[in-house]
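Have a look at the structure below, then the notes.
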Amino acid sequence: MFISGFTFVRNAIKLDYPVVESIKSILPICNELVVAVGNSEDGTRDLILSIDNPKIRIIDTIWDDSLREGGRVLAEETNKAFREINPSADWAFYIQADEILHEKYYDEVLNKMKHYLNRNDIDGLLFGYKHFYGNYDYIGESFRWYRNEIRIVRNSSNVYSFCDAQGFRKDNNQKLQVAKINAEIFHYGWVKHPQKQTLKQIELSKLYHDDEWINSNFKDELEFDYSNIDALELFDGDHPSVMLERIKAKNWEFKFDTSIKRLSTREKIRRFYYKLTKKILGEYRNYILIE
């Protein structure tokens, strides 16, 4: 069984993405890992080279910054990396630059890839998510956070990154048929110094909105206000080993009273419905769950 990893990144240093940790988190279970490094203003390419692992193969790309429709350029960059993986790969493991796979899940991931290898009705594997917010002690608690996403897909020319690279589709815009596995992706995209977070939000917004919208929504904002959140809970587990040095180097403070719940009417209705049915009302599912 041959496993290819793939990811994309641009301006990782400028925007403080934990891309080195992200790549290192899946390297042990991949035979190769393709990194599409976009045209950057910092030393992102050298940063990836510093990992110094023969499994890593860099492809240099140019982002089309004129694409400001639904973050479509993110899917295009994902597809550039995906199309460069080894043609003989059985599975392709996608990881974004702010996502980490905990090493405690390695056996589960490998076993499930082997288990479903010859199941042609399974297009991909579905992971759960933990979304960290503010710092490394809190995770999102409300239903605003997506709970699951596809991160392993078959190496097929029919499969492609969809929308703004959150998920995948196959020919004729069909949703992938997936199996849920007992593993979670740790998402750290909302954890960084408030100044870096503001900068990241501005750069991301440029992929969705025009300059007028950017200028009117980010006036005089120097530091991101993490306190403007509906509900958080304390994280009581352990972080992936690749993240420990980054966590130790944290240089900002964020505290949140987890008893505070600023819930919208929609959120209250969804919570009530969930208590009755154990289903999330109106949950977006970019996949068809088979098992």
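The values are calculated or read from the model by the stated rules, or taken from the named source; none is laboratory data. Keep in mind it's a predicted model, so treat the numbers as computed, not measured. We place every Cβ from the backbone using ideal geometry, glycine too, and count neighbours over all the protein chains shown.
Checked against (1) modelled with pLDDT under 95; (2) part of a loop (DSSP other than H, G, I, E, B); (3) not aliphatic (A, V, I, L, M), ASN215 passes all but condition (2). Out of curiosity, is LEU176 among the aliphatic types (A, V, I, L, M) and at pLDDT below 90? So LEU176 does not fit the description; no. Residues that are among the charged types (D, E, K, R), under 20 Å from the mean Cα position of the chain (by Cα) and in a loop (DSSP other than H, G, I, E, B) occur at least once in segment 237-251. In segment 235-265, the residue that is surrounded by the fewest Cβ atoms within 10 Å (Cβ to Cβ) out of those that are among the hydrophobic types (A, V, I, L, M, F, W, C), touching a strand residue (DSSP E or B) at 6+ places or on another chain (Cβ under 7 Å) and under 22 Å from ILE23 (Cα atoms) is VAL242. Within this structure, ARG10 fails the test of being in contact with a Phe, Trp or Tyr (Cβ under 7 Å, 6 or more places away or on another chain) and at pLDDT below 95. Quick one: which residue in ILE85, ILE59, ILE48 is among the hydrophobic types (A, V, I, L, M, F, W, C), modelled with pLDDT of 95 or more and assigned to a helix (DSSP H, G or I)? The conditions single out ILE48.
May I ask you to list the residues in segment 101-118 that are closer than 13 Å to TRP91 by Cα and either in contact with a Ser or Thr (Cβ under 6 Å, 6 or more places away or on another chain) or touching a residue at least 40 places away in the same chain (Cβ under 8 Å) (or both)?
Answer for segment 101-118, where residues must be closer than 13 Å to TRP91 by Cα and either in contact with a Ser or Thr (Cβ under 6 Å, 6 or more places away or on another chain) or touching a residue at least 40 places away in the same chain (Cβ under 8 Å) (or both): VAL109, LEU110, LYS112, MET113, LYS114, TYR116, LEU117.
Conditions (1) part of a loop (DSSP other than H, G, I, E, B); (2) touching a residue at least 60 places away in the same chain (Cβ under 8 Å); (3) buried (at least 16 other Cβ atoms within 10 Å of the Cβ), marked per residue:
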{"position": "TYR208", "(1), (2), (3)": "yes, yes, yes"}
{"position": "GLU233", "(1), (2), (3)": "no, yes, no"}
{"position": "GLU267", "(1), (2), (3)": "no, yes, yes"}
{"position": "ARG270", "(1), (2), (3)": "no, yes, yes"}
{"position": "ASN286", "(1), (2), (3)": "yes, yes, yes"}
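When only residues in segment 29-77 that are loosely packed, with under 14 Cβ neighbours inside 10 Å and hydroxyl-bearing (Ser, Thr, Tyr) count, which is farthest from VAL109 (Cα to Cα)? My answer is SER66.
Scanning segment 1-25 for residues that are surrounded by fewer than 23 Cβ atoms within 10 Å (Cβ to Cβ) and more than 20 Å from VAL191 (Cα to Cα) returns MET1, PHE2, ILE3. Has segment 171-186 got any residue that is polar (S, T, N, Q) and crowded, with 19+ Cβ neighbours inside 10 Å? For segment 171-186, residues polar (S, T, N, Q) and crowded, with 19+ Cβ neighbours inside 10 Å: absent.
How many residues does segment 179-210 contain that are of a type in the set (A, V, I, L, M), under 28 Å from VAL109 (Cα atoms) and within 16 Å of the chain's Cα centre (by Cα)? Qualifying residue count, segment 179-210: 3.
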